[in-house]
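Structure record follows, encoded as structure tokens.
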Amino acid sequence: MSGVQTVAPEAISEQMALQAAEWFFLLQSGAASGQDRQRWQHWHAAHPAHAVAWERAQHVGQTFARLPPSLALPVLNRAAAQRRRAVKALALLLVAAPTGWLAWRHGGAADLLADLHTATGERRTLQLADGSRLQLDTASAVNIRFDSDLRLLHLLHGAIYIETAADAHLPPRPLVVATAQGRMRALGTRFTVRQDGDTTRVAVLDGAVELRPRAAPEQVLVLQAGQQTRMTAQSIAAAEVVTPDAEGWAHGVLQVRNMRLADFAAELGRYRPGVLHCDPAVAELRISGTFQLQGDTTAVLESLPQVLPVALRYRTRYWVTLVTPP
């Protein structure tokens, strides 16, 4: 696998990446004929960059292969549109530099195959078919399914901000957000939902939201405006007062109050490609303030030594550790 990491990313063009992705899905599908395999061998030998693209396709494809069947990459008997989306998703990873692959580290292949997704550092806002407003935070992925009975947003990873609209459909359909931990039904509201490991965090800004854990649907909690909570698949924590960070990201800022530096680094790292570490020696330092997330977050990092007894140790531009000053 070392060859994948050492070849310059510009050696693989977009066209070559798309060709490699097409060949990858054909050969993985089990439907390739002997003639198809001969054509693949001819393509593979035609240019050195083809071999590099193919090696990367196999390397990145291991991530796709580990997905559950419901998220597995489509093969030849799936819908054409879904196949095209999968091919483009894989090709995107093939032409990316190693730091580009790190940008997708949070959700990987499942994110790329979602109806909507954002890369590290990207945020996206759009209006849904019912008039509701949806915003995706950095490195987030959502699948959308509206039918005659339900308006469903399935948050696969990351965080979303929803401003619901009255449904013109008769009878009005409930708007529900689903995560791995359970479901949240909007009751005319603005709220945020974050999928965070084995926990879902919900903060209600207006209106109310009804929560039900996936493994204990008999448990119900209605969060009111100004309240937030955490939910696992088995239970819901008691409601608390909404903290500033719950929706700050939707306005392009990270708002923190007396936060551990290690936690701050982890949160800021969600908006940066690459790796941001915090040395244990400075992990317990506390930080408060409002920090801009627009564009390059390097300015935020470089401001930290001005307010805390820390230094920045750069291994590369995309690999930074917060350490004790020399």
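Need pairs with beta-carbon distance below 9 Å; first residue over 16 Å from Ala91 (Cβ atoms) and open to solvent by 60 Å² or more (accessible area, probe 1.4 Å) and within the range 40-61, second not β-branched (Val, Ile, Thr) and not in a helix (DSSP H, G or I); sequence gap 6+ or separate chains.
Nothing qualifies.
Quick test for you: out of Ala86, Ala20, pick the one residue that is in contact with a Leu (Cβ under 8 Å, 6 or more places away or on another chain), within 28 Å of Asn143 (Cβ to Cβ), in a helix (DSSP H, G or I) and at pLDDT below 75.
Exactly one residue qualifies, and that residue is Ala86.
Among the residues of the range 153-189, write down those that are farther than 25 Å from Leu268 by Cβ, open to solvent by 20 Å² or more (accessible area, probe 1.4 Å) and in a strand (DSSP E or B).
Result: His154, Glu163, Arg183, Arg185, Leu187, Gly188.
Any residue in the range 9-28 that's under 14 Å from Trp43 (Cβ atoms) and surrounded by fewer than 18 Cβ atoms within 10 Å (Cβ to Cβ): show its pairings with residues that are of a type in the set (Lys, Arg) and modelled with pLDDT of 85 or more at Cβ separation under 9 Å, as long as the two are six or more apart or on different chains.
As it stands, the answer is Leu27/Arg37, since those pairs meet every condition given.
If I ask for residues that are surrounded by fewer than 15 Cβ atoms within 10 Å (Cβ to Cβ) and outside any strand (DSSP E or B), which ones from the range 313-326 would you list?
Arg317, Thr324, Pro325, Pro326
Would you tally the residues in the range 268-312 being charged (D, E, K, R), modelled with pLDDT under 95 and either on the phi > 0 side of the Ramachandran plot or exposed (fewer than 15 other Cβ atoms within 10 Å of the Cβ) (or both)?
Residues meeting the conditions: 2.
Find all pairs meeting these conditions: Cβ atoms under 9 angstrom apart; at least six residues apart or on different chains; first residue within the range 179-193 and within 11 Å of Gln224 (Cα to Cα); second residue aromatic (Phe, Trp, Tyr) and assigned to a strand (DSSP E or B).
Arg190/Tyr161; Phe191/Tyr161
Would you pick out the residues in the range 228-264 that are among the β-branched types (Val, Ile, Thr) and within 14 Å of Arg201 (Cα to Cα)?
Initially, the range 228-264 is screened for residues among the β-branched types (Val, Ile, Thr), giving 229, 232, 236, 241-243, 253, 256.
Within the range 228-264, Thr229, Thr232, Ile236, Val241, Val242, Thr243 qualify.
Need at least 1 residues that are surrounded by fewer than 19 Cβ atoms within 10 Å (Cβ to Cβ) and among the aliphatic types (A, V, I, L, M) per element, so show me which strands (runs of 3 or more DSSP E) inside the range 221-267 make the cut, counting only ones lying wholly within it.
221-224, 253-260
The values are calculated or read from the model by the stated rules, or taken from the named source; none is laboratory data. Computed from a predicted model, the values in this text were never measured in an experiment. Glycine also receives a Cβ, built like all others from the backbone with ideal geometry; neighbour counts cover every protein chain displayed. Note: areas computed on protein heavy atoms with side chains; ligands, DNA, RNA excluded. Shrake-Rupley method; radii C 1.70, N 1.55, O 1.52, S 1.80 Å.
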